[in-house]
Amino acid sequence: MKVALFVPCYVDQFYPQVGMSTVAVLEHFGVQVEFPEAQTCCGQPMANSGCMPEARPLAHKFIDVFDGYDYVVAPSGSCVSMVRHHYEEFFEHGDVRSARVRRNTMELSEFLTKVLGVKTIFGSFPHRVGIHQSCHGLRELRLSSSSEVMTGRDDLLKDLLSQLEGISFSKLSRNDECCGFGGTFAVAEEAVSCMMGDDRIADHKAAGTTVLTAGDMSCLMHLDGLIRRQKLNIRVMHFAEILSEAIC
Amino acid sequence: MSHPALAQQFTSDRTRAEWHDRSLWFVREKRDRMAHGVPEWELLREHASAIKLHTMSQLPHYLEQFEKNAAARGIIVHWAETADDHNRIVYEILQRHGVRRVVKSKSMLTEECHLNPFLEKRGMEVVDTDLGERIVQLRQEAPSHIVLPAIHIRKEEVGECFHEHLGTEKGASDPNYLTEAARNHLRERFCKADAGITGVNFAIAETGGFVVCTNEGNADLGVSLPKLHIACMGIEKLLPRASDLAVFLRLLARSATGQPITTYSSHFHGPREGCELHVVLVDNGRSSILQSPDFRRSLNCIRCGACMNTCPVYRRSGGHSYETTVPGPIGSILAPVREPEKHSSLPFACTLCGSCTDVCPVKIDLHHQLLAMRGHIDAKHLLPVSKKLSMKLVSAVLSRTWLYNTMGWLARVSLKWAPRFAVYNPLNGWGRQRELPIPPSATFRQMFAQRRAGRKSAESGAAAPVAREGSKSREGSQTGGQA
Ligand code: SF4
């Protein structure tokens, strides 16, 4: 199985330890990943700003870089949903290469559970963990069930973390409200963005969260920015970091 | 003003913004409980969406069918292409009957057409009889929500408003007392009215009748006394069959306010004896939305307001920050479809969280339409120049790996060495309330390359540890755990 790792550009630059943890977790489960050096960004910042002509070359670059792998794994639900759900318009109808890459691009927790079939993890993490449901993982990739929809109640991330010894989870009053990051929204609508972030953090504080985690560093970058400014005692970790720290 | 500016104003009164957020979240939670009580909820949404899509695809046919059947029941049907046409038609009917005083139940369409000022300018009195609408009318404001028009007003403020206009005791804010005062005030208006205007929730093609849903019974009261009833509806309000109501009435009340059914679902199938019943069918841009593949589905909307209640931005910025008749997610599509210049900031007043899409009872893919609308705004050159330029620049950098590496290095180094006041300057929208990430000494790709190089040299010496599925990989976890 040839597996490539996609590390979102801002993770590459600012959160290298998240990428390294992803590698560690994948290797722990027997997957030797490759990291194609030419990769940069999936193009989401441009696409979400409405700038489709500017997003297009990045979509093409992504497909060029990652064609030829059985799977592309990324520690980000948001980037994966960009590739899987929003690349269509950048390619000709029926384009085989892009369709293949899009289909094979997976978020980390999805890859671990659905492809590798990971059910048990040996490790311990004796902390009270608050899971932040990143919207794109939740409502685009359906990695867990959103509170609006009246179907089953899956939660891939929680299922994985529940395997760890000593871990407990915060019970939030609003299970899956958005953190307010939203890409350029975070700056363009700064007031609402920060209020949303504050509200999420208050919910976690009230629930006793000591470690705040998610499947997307972008949400966590925003929440961590508020947490550090307010000097709160909450540790922010991508779930790959938790897994790699816990697996002993 | 743009949405960000108005939103900032609203949030600057944090207590109020928090109260507003909680009030609407309360409604959203009620909706969740109600929806949970219906095992076939998701199936109902599927049905509703399919019925609406079908109806919209055959709209001319169903409109004609409706007109024919309505006429057979003695309903007088009018067609209005624009808001002006609508207002003129309504005015002419009223004028013909020598109407001076009108009572009107809630109708977003008449808000959209600005019917009230049109009639008032021509010497008629129009009284909105929905309690919330009456409150905003007395305060000379626009509704801030399509189902809960006065959700932004606290009960103390209602007390002040009623003290001024209805003569209630000063400082009184007991909801029961205030509601009673409003009832008495409205009773009087109902009795004196010469005509009643209502909206339409659902019109039924096969019967030629229509349904109006209210919780206060004000539509029924408003059209039971006067001899003239005018019902105004957008052409998208049509359903093919009476049995379709079984799907929509169940979804509407639960989604809107978390009630199992609206208190009054009144069916109108022709005029009372000696009275006249008119229906005005309004296009006002709907047929051009129908022709747009990207936004067509927005016409499925049954105006339940659930997307507003769930929207984390709407809850914290208030309905007036949208400056539209219909605010929130659906309004951020409907308004810029018609007037992109005026409403170009609305599709961006959204984090693309997708909660609206999941809550919508007719399964409108709201957040995908909002994303598509952003592309339309860009294609029409309506993006702020600074935004477009920076996106061009970033795209150029990200398209070239070497340039990306260089610029990334530059960003990290300058973030590391620049003094705090330079980084957290007033222009840094990120940094006003948030810290930036702490720049690491190396990028992921550098760390990864180093690690692989290290491993290669180890391999050439002794056998390297091979990680097997389910086995422990010391090296891996140690490297990863340096958070
Ligand atoms: S878009 Fe959907 S959720 Fe929003 S008001 Fe219309 S029907 Fe209700």
*Would you mention how many residues in the range B:338-387 are outside any loop (DSSP other than H, G, I, E, B), crowded, with 18+ Cβ neighbours inside 10 Å and touching a Cys at 6+ places or on another chain (Cβ under 9 Å)?*
11
*Of all residues in the range B:428-461, count the ones that are assigned to a helix (DSSP H, G or I), facing another protein chain (nearest Cβ under 9 Å) and out of contact with any Pro (no Cβ under 7 Å at 6 or more places or on another chain).*
6
*Go over the candidates B:GLU276, B:GLU236 one by one and state the one that is open to solvent by 20 Å² or more (accessible area, probe 1.4 Å) and either away from the ligand (no atom under 16 Å from the Cβ) or not β-branched (Val, Ile, Thr) (or both).*
B:GLU276
*Among all residue pairs at least 6 apart or on different chains, which show Cβ distances below 6 Å where the first residue, located in the range B:283-303, is away from every other protein chain (no Cβ under 14 Å) and the second is open to solvent by 30 Å² or more (accessible area, probe 1.4 Å) and away from the ligand (no atom under 15 Å from the Cβ)?*
B:ASP283/B:GLU81; B:ASN284/B:THR82; B:GLY285/B:ARG338; B:ARG296/B:LEU290
*Inside the range A:1-113, counting only helices (runs of 4 or more DSSP H) that do not spill past its ends, which hold 2 or more residues that are more than 8 Å from every other protein chain (Cβ to nearest Cβ) and among the polar types (S, T, N, Q)?*
A:77-86, A:96-104
*Determine if the range B:375-396 includes at least one residue that is within 8 Å of another protein chain (Cβ to nearest Cβ) and over 40 Å from the mean Cα position of the chain (by Cα).*
no
*Out of all the residues in the range B:281-304, is one or more part of a strand (DSSP E or B), away from the ligand (no atom under 16 Å from the Cβ) and either open to solvent by less than 10 Å² (accessible area, probe 1.4 Å) or modelled with pLDDT of 95 or more (or both)?*
yes
_Restricting to the range B:297-314, name every residue that is charged (D, E, K, R) and more than 16 Å from B:HIS367 (Cβ to Cβ)._
B:ARG303
_Members of the range B:305-318 that are near the ligand (Cβ under 7 Å from one of its atoms) and farther than 17 Å from A:SER147 by Cβ_ = B:GLY305
*Which of (1) at pLDDT below 90; (2) in a loop (DSSP other than H, G, I, E, B); (3) open to solvent by 70 Å² or more (accessible area, probe 1.4 Å) is the odd one out, the single condition B:ALA464 does not satisfy?*
(3)
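Residues checked against (1) under 30 Å from B:LYS380 (Cβ atoms); (2) basic (Lys, Arg); (3) under 20 Å from the mean Cα position of the chain (by Cα):
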position	(1), (2), (3)
A:GLU37	no, no, no
A:MET46	yes, no, yes
A:LEU58	yes, no, yes
A:LYS61	yes, yes, no
A:TYR69	no, no, no
A:SER78	yes, no, yes
*asked:* So, A:THR209, is that one more than 11 Å from chain B (Cβ to nearest Cβ), part of a strand (DSSP E or B) and among the hydroxyl-bearing types (Ser, Thr, Tyr) or not?
replied: no
*asked:* For the range B:4-40, give me each residue that is free of Cβ contacts under 8 Å to residues at least 24 places away in the same chain, among the hydrophobic types (A, V, I, L, M, F, W, C) and open to solvent by less than 70 Å² (accessible area, probe 1.4 Å).
replied: B:ALA5
*Single match in A:SER144, A:SER124 (criterion: in contact with a strand residue (DSSP E or B) (Cβ under 7 Å, 6 or more places away or on another chain), surrounded by 20 or more Cβ atoms within 10 Å (Cβ to Cβ) and among the polar types (S, T, N, Q))*: A:SER144
*Among the residues of the range B:119-132, which ones are open to solvent by less than 40 Å² (accessible area, probe 1.4 Å) and over 13 Å from B:VAL158 (Cβ atoms)?*
B:LEU119, B:MET124, B:VAL126, B:VAL127, B:ASP128, B:THR129, B:ASP130
*Considering every residue within the range B:416-427, establish whether at least one is open to solvent by less than 30 Å² (accessible area, probe 1.4 Å) and within 9 Å of another protein chain (Cβ to nearest Cβ).*
no
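The values are calculated or read from the model by the stated rules, or taken from the named source; none is laboratory data. Just so you know, these numbers come straight off a predicted model, no measurement behind them. Cβ sites come from the backbone with ideal geometry, for glycine too, and all protein chains shown count toward neighbours. Each accessible area value is taken on the protein alone, full model and side chains, heavy atoms only, with ligands, DNA and RNA left out. Shrake-Rupley method; radii C 1.70, N 1.55, O 1.52, S 1.80 Å.
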